[in-house]
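Working notes for the structure below.
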Amino acid sequence: MSAHPAAIEARHLDFYYGEHQVLFDVSLTVPERSVTALIGPSGCGKSTFLRTMNRMNDLIEGSRCQGEILVEGQNIMDPAVDVVLLRKHVGMVFQKSTPFPKSIFDNVAYGPRVAGEKNRAVLADLVESCLRKAALWEEVKDRLTTSAMSLSGGQQQRLCIARTLATDPRIILMDEPASALDPASTDRIENLIGELCANYTIVIVTHNMQQASRVSHQTAFFYKGKLIESGPTMKIFTHPSEKKTEDYITGRFG
Amino acid sequence: MSEQDPSGKSARTNAGFINGAPVNGESAKRRPAVSFVSGGDRHIRSRLMLSRVFAWLCRFSTYAALAVLVVLLAAIFYSSIGRLSPDFVTNTNSTSPVKAGILAGLWGSFWLILFTAMFSVPVGVGSAVYLEEIAKDSMLIRIIKVNLANLAGVPSIVYGILGYTVFRTSAAAIAELFDGKHVIGVLGLFKVRLSKLPMYEDNILVGALTLTLVILPTVIAASQEALRSVPGSIRVASLALGATRWQTIWRQVIPAALPGISTGVILSTSRAIGEAAPLIMLGALTYTSMCPGGIESPLELLTKPAQLLQAPLDQFTAMPIEIYDWSKQPDARFTAVAASGIVVLLVVLLSINSVAMVVRHFASRRLKW
């Protein structure tokens, strides 16, 4: 992993919701073009940490962040950083699939459109290639104009991934992308993650330890707002150096 | 346990369960047979009776309201016999009950509603978007939100007084300022001599601005409600794709809220059509045979472009004002005229409400939920 340059580097990150501190001095390096899994019990701060990477936490009133997060070498906490541009490069897929009440085509074309792309042919090509990358094209190519709401849960989630790919991001953040899906759909999403990490840096939050061990190269274990341990997934799951990590992955708590 | 069945007393006291199994099998066996036949139990009978009475009371209130409405409508239609005819809507007002028609009021109401909608939609929807989507939660915002409901409850005549003080007085001042002077029009493209374009202080625009005040709280409240019903996940997903707040509001939130917003706007507008009090307060004409701008048919909207400019600055009357006026006439034959006016007003209201239904249908069909 160390051969890859860092895509994201968090340095001494503290995060507060009002007076309540939820992240304590988190430092983590995410290598480029790899999958990093964030695991830990509910409320441990892993989702909050994920959302600091594209500054989605800005939407929460009274939240405050200290420390640095370097994305491609730039500190995104810098006031000069434009969150709109940041989010174009750091895409996000949510736990609950959130298709817009529009057609499948318009859902995928939304990101490029808000970024100013108007050319119908360019959009059509982009929509097709993104749907192909998300392994959804064959299922929807004949009904691109129908509502995205008519898709099944697993298809909706792959549509959300395609929609994210359409903005041509470098990094994709996934917040429990498969936790609401059936095993077959989960399998497809996991395979997709395996394919996408050849070109994209992926950070995934998951409650499912098997999933973390299956899809990720690097795993970071969070507990009560602190990053307890991080390292190659194999090592974390077989020889964790911290007692807490071992207790968690063997199911003794959490 | 106050409602114990005497025959089952011993069974009840003995029935104890540990791990789902009766402790004392014998006493469990002795429990009396249960009957599901209605009327077997005094309590269930009274409870069912209460439930039935309640259902009947609700039914009665619904049908009583409906019956009153039907009687009212029938009475109005009956009274309108003798005057309700095609020429009632093509004639303007007259001192003769045989000739008096509602055309001037119809056109007055048309212009009023047109401008009321033009003023209230952008301001109302804009305020709602600001309050729901943009403003950060603060004391001031909370005070505004709470008081919007209070504003909606203010009697319309109060807005009439406000309209008189603010809009009519300003219109009078403007009219005086420009009277007889040449004015360079929009971007200097055309010259208008305002002395030839009579601007009255009790004009359509003043009326429409006042009606805007009347319905604005309702429009804002309906739009807020519609915006609140848009799931937050849509906003978050849009922002996460690199959309700005404006793009998120314009491309996702407002389209999703549009059915609710348009219904609210149209229903509020139809309320404005029935308003007489604030307009009378402003000094709208009660008796006139002039339509605003002299436009008397839809065709003249196209053939008399100069009058189009004049109409908003013209004096006016409105349907509810004319109806009120006719109902006060000593000549008993005017009763039929007033009733005919009400029929026309109701027809207009019903058409607007059906437009609301159609708009709602199409607005929600464009969304692909």
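When the expected Rg is taken as 2.2 N^0.38 Å, what fraction or multiple of it is the alpha-carbon Rg of the range B:82-168?
Numbers: Rg = 20.2 Å, N = 87, 2.2 N^0.38 = 12.0 Å.
Scaled against compact globular proteins, the figure is 1.68.
Using 0.36 nm per residue and subtracting the Cα-Cα separation, the extra length available between residue B:229 and residue B:169 on full extension is 17.5 nm.
Across the protein assembly as shown, the fraction of Cα-Cα pairs farther apart than 34 Å, rounded to a whole number, is 63%.
The modelled label-to-label distance for the pair residue B:177/residue A:199, using points 7 Å beyond Cα in the direction of Cβ, is 6.2 nm. Straight-line cross-link reach from residue A:226 at under 19 Å between alpha-carbon atoms covers these aspartates and glutamates, not counting any fewer than eight positions away in the same chain: A:9, A:14, A:19, A:25, A:68, A:175, A:242, A:246, A:247. Projecting the Cα atoms of A:253, A:91, A:38 onto the charge dipole of chain A (Cβ charges, centred on the Cα centre) puts A:91 farthest toward the positive pole.
For the range B:229-270 versus the range B:45-80, the inter-centroid distance based on Cα atoms is 39 Å. The length gained by stretching the chain between residue B:137 and residue B:68 to full extension, at 0.36 nm per residue less their Cα-Cα distance, is 20.3 nm. The modelled label-to-label distance for the pair residue A:129/residue A:143, using points 7 Å beyond Cα in the direction of Cβ, is 2.7 nm.
Add +1 for every Lys or Arg and -1 for every Asp or Glu among the other residues with Cβ under 14 Å from the Cβ of residue B:340, and state the total.
Local charge sum for residue B:340: 0.
Here A:174, A:234, A:56, B:319 are placed in order of increasing Cβ neighbour count within 10 Å, fewest first, which gives A:234, A:56, B:319, A:174.
Percent of Cα-Cα pairs more than 29 Å apart in chain A, please. Everything past 29 Å amounts to 30 percent. Put in order of Cβ neighbour count within 10 Å, fewest first, the listed residues A:65, A:44 become A:65, A:44. Between A:120, A:64, A:188, the Gaussian network model of chain A with springs among Cα atoms under 10 angstrom shows the greatest mean-square fluctuation at A:120. Note: relative contact order over the range A:119-243, using C-alpha pairs below 8 Å and six or more positions apart, is 18 percent. Charge tally around residue A:45: other residues with Cβ under 12 Å, Lys/Arg +1 each, Asp/Glu -1 each, net +2. For the range B:81-366, the Kirkwood estimate of hydrodynamic radius, built from reciprocal distances between every pair of different alpha carbons, is 20.8 Å. Taking +1 at the Cβ of each Lys and Arg and -1 at the Cβ of each Asp and Glu, which of A:181, A:104, A:52 sits farthest along the dipole of chain A towards its positive end, judged by Cα position relative to the Cα centre? Projecting each Cα onto the dipole axis, the largest value belongs to A:104. So if we plug the beta-carbon distance of residue B:347 and residue B:61 into 1/(1 + (r/R0)^6) with R0 = 22 Å, what FRET efficiency do we get, rounded to 0.05? Plugging the Cβ-Cβ distance into 1/(1 + (r/R0)^6) gives 0.20. Each part reduced to its alpha carbon centroid, the range B:322-369 and the range A:79-140 end up 47 Å apart.
Gain on full extension, evaluated as 0.36 nm per residue between residue B:44 and residue B:332 minus their Cα-Cα distance, stands at 97.7 nm.
FYI, it's all coordinate maths here, none of it is from the lab. All values reported here derive from a predicted model rather than from experimental measurement. No Cβ is skipped: glycine too gets one built from the backbone with ideal geometry, and neighbour counts run over all protein chains shown.
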